[in-house]
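Comments concern the structure below.
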Amino acid sequence: MAPPFFLSKNLLRRKGNQLNLQGKLGNVHVPHLKFQKYSYLANTSEELRNQPLLFHVEGALLKSPSLFPYFMLVAFEAGGPLRALILFLLYPFVKLFCLVDEELGLKIMVFVCFVGIRKESFRAGRAVLPKFFLEDVGCECFDVVMRSGRRVGVTNLPKVMVDDFLREYMGVEAVLGRELKVVCGYFLGLMEENKPTKTVLKEVFGEEKGCANVVGIGSYNMSLHHEQLFSHCKVICLVSEAEKKNCQVLPMEKYPKPLIFHDGRLVFRPTPLAFLVMLMWAPLGFLLCLIRAAVAILLPFKISMPILGLLGMKCTVSWPSSSVTSNNNNHEEKSKGILYVCNHRTLIDPIYVSVALMKPVIAATYSLSTITERFSPLKTIRLTRNKEEDSKKMAEQLSQGNLVVCPEGTTCREPYLLRFSPLFAETTDEIVPIAIDIQVGMFYGTTACGFKCLDPVFLLMNPTTSCTVNILGKLPRDFTCGVGGKSKFEVANHVQAMIAEALLFECTNLTRKDKYMILAGNEGKI
């Protein structure tokens, strides 16, 4: 499938005579620099730390030649499924327009994705897109960019789509992208005109004379305005599409900032083909969701578990050694109740715990929608985030039976654990940590900005889900608040560390409030 947003090399060569770029590339040894042959940049890494770098985001930093997936993410996550469907249906025409006029194709997609969206409520640029941008970054160009001192990113996309990604994860000082027109707080779907090149340079570099000490990294298919901007650089390194395809994807361990929080429903990168597959699956997925929900609600665990396995919901359970398990079971028979403490991956974590134990347990929850609570196959008790009241509720329930709680207070999708609330530690000494991990392939069953009542629907619509439940055994008496004399914070941190070690996750001090402030701009009060 031909890239829709880039001009051919022949067309660029025709414009090259008008822009006189040949003279501007005099310092570059060859016109087609490959990533592995950045001889100038590699030999002047120290010099780069003391001078600005101008790089083209789509042309050099990102591997993919198509911008369609990013616009589809905006349309689906910020505008809804109907807007995404309209964009998908218009894609063949947009692609055709792009072959004739790149600017026209871009304007059509911007209009479809943004018209009528409230500016203050637009969170996709901060909560959704950074994850997909990072997964599309080329490792070689990333290394060059991160070696530089001052960094300025240039993009064809609307600035609101890339600004948070470039500032938060690439550490840029400025982003050169076009603003969207706004009326009465709503996007019109129209972009402002590009500012004159000299005006842009003055705003970015202040009173410095032009870009005399700037190194530029661009591509052969930049827009006319960006070509004029890069023509002021001392050196321009051009990257071809073939070279971008051959570069390595940036591994997670090299991210400048850990990607802990992100939002949105789509797990996959929504290319045209992938989105078509999702559209074809959606009706069947919704029917499968109803069947799975009916099986889980109406049938006992011993019957529903194998049926759900045949329906694509796999669950793998790991137990501790037989001696520890035996002791735990004997003690469970004598005690009034055991508190099962697990990390929080999805809304139905307590159900997986019940499946692993092969008996229902009561779930202590915080922000559970009324619809989800009514259709839950487990009994739930609502926690209010009032320590005294919640502690009393949990103690009362433990006096009657077993209880499962997720002390993170909210879900986390990435391999990190949020800070555990110490409330559970002072409630009882009968604590069994449980490590849970769930893998999905199409939809996330969690959200910070969307409708939480749809969380179980999206989760159950996945073609397959894979859950692992690792029961770690009862917490030793020496690590409890009562008999062991530990503080509630020591116990909570110890349980968090146990679960993180079992899952190979990383512990953090981030909380539910941090998550919602980053993703939704509020404290998560629902």
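The values are calculated or read from the model by the stated rules, or taken from the named source; none is laboratory data. All values derive from a computational prediction rather than experimental measurement. Methodologically, a virtual Cβ is constructed for each residue, glycine included, from the backbone with ideal geometry; neighbour enumeration extends over all protein chains shown. SASA here: full protein model, heavy atoms, side chains in, ligands and nucleic acids out. Shrake-Rupley method; radii C 1.70, N 1.55, O 1.52, S 1.80 Å.
Rg then Dmax, both in Å and based on the Cα atoms of region 400-446: 13.3, 40.
For a quick check of your reading of the filter: which trypsin sites (Lys or Arg not before Pro) in region 491-526 sit in a DSSP loop and have no more than 11 other Cβ atoms within 10 Å?
Working: sites: ARG512, LYS513, LYS515, LYS525; in loops: LYS525.
Taking region 491-526 and a limit of 11 other Cβ atoms within 10 Å, the loop trypsin sites (Lys or Arg not before Pro) found are LYS525.
Between TYR255 and TYR186, the distance separating the two model label sites (each 7 Å from Cα on the Cα→Cβ line) works out to 3.5 nm.
With a cut-off of 9 Å between beta carbons, the residues surrounding ASN343 carry a summed charge of -2, where Lys and Arg count +1 and Asp and Glu -1. Extent of region 412-526 along its three principal axes (Cα atoms, max minus min coordinate, largest first): 45, 32, 23 Å. Sparse packing (at most 15 other Cβ atoms within 10 Å of the Cβ) combined with a DSSP loop state is found for the following GluC sites (Glu not before Pro) in region 67-133: GLU120.
For region 456-526, carbon and sulfur atoms together expose 56% of the accessible surface, with a 1.4 angstrom probe and every protein chain in place. Accessible surface for MET170 stands near 0 Å², nearest 10, in the context of the full protein assembly shown (1.4 Å probe).
Once you've got the Cα coordinates, tell me which of LYS119/LYS387; LYS486/LYS515; LYS254/LYS314; LYS314/LYS452 are over 27 Å apart.
Details: LYS119/LYS387 37 Å; LYS486/LYS515 29 Å; LYS254/LYS314 32 Å; LYS314/LYS452 24 Å.
Where the Cα-Cα span goes over 27 Å, the pairs concerned are LYS119/LYS387; LYS486/LYS515; LYS254/LYS314.
Residue order by solvent-accessible surface for ARG167, ARG151, ARG292 is ARG167, ARG151, ARG292, largest first, with ligands and nucleic acids left out and a 1.4 Å probe.
Report the gain in length on full extension from TRP281 to ASP101: 0.36 nm times residue separation, minus Cα-Cα distance, nm rounded to one decimal.
Numbers: separation 180, 0.36 × 180 = 64.80 nm, distance 3.40 nm.
Taking TRP281 through ASP101 to full extension adds about 61.4 nm, to one decimal.
Pairwise Cα distances in region 441-500 exceed 17 Å for 60 percent of all pairs. Take every DSSP beta bridge whose two residues both sit in region 360-485; close to 55 percent of them are antiparallel. The relative contact order of region 469-526 comes to 16 percent, based on Cα pairs under 8 Å that sit 6 or more residues apart. Summary of packing: across the peptides 418-426, 483-491, 233-241, the per-residue average of other C-beta atoms within 10 Å ranks them, highest first, as 418-426, 233-241, 483-491.
Pull out the extension gain between CYS453 and TRP319, defined as 0.36 nm times the separation in residues minus the alpha carbon to alpha carbon distance; nm, one decimal. Let's see the in-between values first.
Details: separation 134, 0.36 × 134 = 48.24 nm, distance 3.24 nm.
Once the chain is fully extended between CYS453 and TRP319, it gains 45.0 nm.
Cα-based values for region 145-199, radius of gyration first and Dmax second, are 12.9, 42 Å.
Whenever you get a sec, line up MET517, MET109 from highest to lowest accessible area (probe 1.4 Å, protein heavy atoms).
Working: MET517 90, MET109 0 Å².
Putting MET517, MET109 in descending order of accessible area: MET517, MET109.
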